[in-house]
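Encoded as structure tokens, the structure appears first; notes follow it.
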Amino acid sequence: MSRVCQITGKKALKGNRVSHSNIKTKRRFHPNLHTKKFYVPELDDYVVLKVTAKGMRNINKKGIWNCIIEASEKGYIK
């Protein structure tokens with residue numbers, strides 16, 4: 001189960017955890033993912049997507065159908 005947003009394509013980044021004594025150890029920054037069910041009126045059906053908070057804002061702004069089309073063109077949804 002990958003941690004990638006199906007609308008924006010955001011995925012985990014790498015970085016360092018820095019202690020008080022300035023010792024650096026590797027860590028990962030994961031996106032704020034949620035599994036959410038959206039109703040698509042064009043398909044007259046529900047679609048389950050794994051989206052970030054920013055992806056949900058894009059869906060609210062542009063509409064679910066336009067976001068699905070854009071994401072499939074970019075290759076985020078297969």
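Pop out the ³J(HN,Hα) list for the range 60-67 in order, Karplus 6.51 cos²θ - 1.76 cosθ + 1.60 with θ = phi - 60°, rounded to Hz; leave Gly and Pro as x.
Ordered by residue, 3J(HN,Hα) equals 5, 7, 8, x, 5, 5, 5, 5 Hz.
Give the calculated FRET efficiency between residue 42 and residue 13 to the nearest 0.05, with a Förster radius of 35 Å applied to their Cβ-Cβ distance. Show your work: numbers first, answer last.
Numbers: r = 34 Å, r/R0 = 0.97.
Result of the calculation: an efficiency of 0.55.
What dipole magnitude, in Debye to the nearest 20, does the chain give about its Cα centre under +1 on Lys/Arg Cβ and -1 on Asp/Glu Cβ?
On the way: 18 positive and 5 negative charges, 169 e Å.
Magnitude of the dipole: close to 820 debye.
Given a 1.4 Å probe, how much area per residue of the chain is accessible, in Å²?
On a per-residue basis, the chain sits at 78 Å².
Computed on alpha carbon atoms, what radius of gyration and Dmax characterise the range 14-70, expressed in Å?
17.7, 57
If you roll a 1.4 Å probe over the chain with all protein chains in place, what percent of the accessible area is carbon or sulfur?
About 51 percent, which is the carbon plus sulfur part of the accessible surface.
If I take R0 = 30 Å and measure r between the Cβ atoms of residue 27 and residue 78 in this structure, what FRET efficiency does the formula 1/(1 + (r/R0)^6) give, to the nearest 0.05?
Once rounded, the FRET efficiency stands at 0.50.
Among the trypsin sites (Lys or Arg not before Pro) in the range 1-59, which ones are in a DSSP loop with at most 16 other Cβ atoms within 10 Å of the Cβ? Mind listing them?
3, 11
Straight-line reach from residue 62: which lysines have a Cα under 28 Å away, not including same-chain ones fewer than 8 places off?
The reachable lysines, counting only those whose Cα sits under 28 Å from residue 62, are 10, 11, 36, 37, 50, 54, 74, 78.
The values are calculated or read from the model by the stated rules, or taken from the named source; none is laboratory data. All values derive from a computational prediction rather than experimental measurement. Note that each Cβ is placed from the backbone with ideal geometry, even for glycine, and that neighbours are counted across all protein chains shown. For the accessible areas, the whole protein counts, side chains as well, though only heavy atoms, and no ligand, DNA or RNA atoms are used. Shrake-Rupley method; radii C 1.70, N 1.55, O 1.52, S 1.80 Å.
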